[in-house]
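Please treat every number below as a calculation from the coordinates, not as lab data. Source: prediction; values computed, not measured.
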């Protein structure tokens, strides 16, 4: 076999390099799961305007990054091969490396983390070659692909662990897994308040999916769905810069927060994606686009869908992502399905009977504390706020109530605390709202908000979807204040206790 052709097989960028499911890959996945390693299959690294495909990579937080090349060569194909050393290349561990991927990974690490000291190791997965057959290959081939860097078809999980750890010392000075993955595979890490969080397998499956027709994503509250929608939109743009994408958010404030999130992700990722071409708009703004095309009077504050809109086609986007679709009336959802009948539509909802994707894990917290008080809600809210402000900033607190309670609280807080409170109006833009202050919001204004502490009044008066959404906005504690106990409060308390019990049972597995 010609050496130049032989070595080119290691560097070739081709769909043929995709790693398919196999017994050997299942063993590697088992090793990753049992040893708390992070394995990513058939992934693309994006860097500035370029991208590079990697068949298989693994992150060991204590040892570094492992790259795997996958070959289907059999003993019959290799038994007569003699490899001559190339004059311009030393035989080393790098013989097995995708040299371009090493270069791009180190560039990304240096630009994102300002360090490229992460160790990178290279291994070869030989699906059709046993360890015994390897011993009968020409010694020149064995030098070219050292046995210590080859995982054979008959390797046990114990053999694989030994090879991955042999001669590789542990280190306490390596960046954590989220930092490494967030630097290399930006599409699989959530950036929240300058911290990186690894996406779950459910989230990665959705991010990688090809969306066609109407798709449904069902999520729990605080599952990271809005962050993942942002990652999905950016990835779609990286794959096709001409793709027209719209994300629907309920309020102007939610739109502004998501636009800022898109910008933060792109700046962190160091990729060139035109996020200004990702439209983040409210339902009224979408309908007004259609009305403008039809030369009809546009809506101002009230959203309603007239029959004309359901009869006229509207080629507005290749993909529409509708966040929090549970909060919209059925006629608006019908309208979205109508205008996207020849394109792609994603609905984030629990109402649709058929679910394509599901986020079952809670992203924001696992030890969410809830306190229920049958009391005078107004007086108790003032007391809790005063106590929390002794050790926390005003921006860490959101009080959610009906409009009347919100106005009354604002009047009393002017004299009760030194910090200014913000009467939230989500129809305004982010530049007009100072979210660094204590926030007083109604249940209509809470889309895209979250805080360390959330105080809920009048919760029995709102719909189940809004009640559930509001209850999970806190990262630390939620306080439910009510005058009289009722079935709604009792069910909310039971659901919280049930969730807490499930978390307690699952803790030993997750630790």
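Okay, helix-only estimate at 222 nm for the chain: each DSSP H run of n ≥ 4 adds -39500 (n - 2.57), divide by all residues, round to 500 deg cm²/dmol; what do you get? Rounded to the nearest 500, the figure is -11000 deg cm²/dmol.
Residue 402 to residue 156: extension gain in nm, 0.36 nm per residue of separation minus the Cα-Cα distance?
On the way: separation 246, 0.36 × 246 = 88.56 nm, distance 6.17 nm.
Once the chain is fully extended between residue 402 and residue 156, it gains 82.4 nm.
Report relative contact order for the chain in percent, whole number only (criteria: Cα-Cα under 8 Å, sequence separation at least 6). Provide the component values of the computation, followed by the final result.
Working: 808 pairs, mean separation 63.2, N = 511.
About 12 percent, as a whole number.
Once you keep just the Cα pairs under 8 angstrom separated by 6 or more residues, what percentage relative contact order results for segment 212-359?
Rounded, it is 41 percent for segment 212-359.
So for segment 212-359, considering every pair of alpha-carbon atoms, how many percent are separated by more than 20 Å? Here the long-distance tail beyond 20 Å is 48 percent of all Cα pairs in segment 212-359.
Computed from the Cα positions only, the extents of the chain along the three principal axes stand at 85, 56, 40 Å, in decreasing order. When Rg and Dmax are taken over the Cα atoms of segment 369-510, they come to 15.2, 49 Å. In whole percent, what relative contact order does segment 369-510 give with Cα contacts below 8 Å and a gap of six or more residues? Relative contact order for segment 369-510 comes out at 32 percent. At q = 0.20 Å⁻¹ the log10 of I(q)/I(0) for segment 278-425 amounts to -1.16, computed by Debye summation with a single uniform scatterer per C-alpha, solvent ignored.
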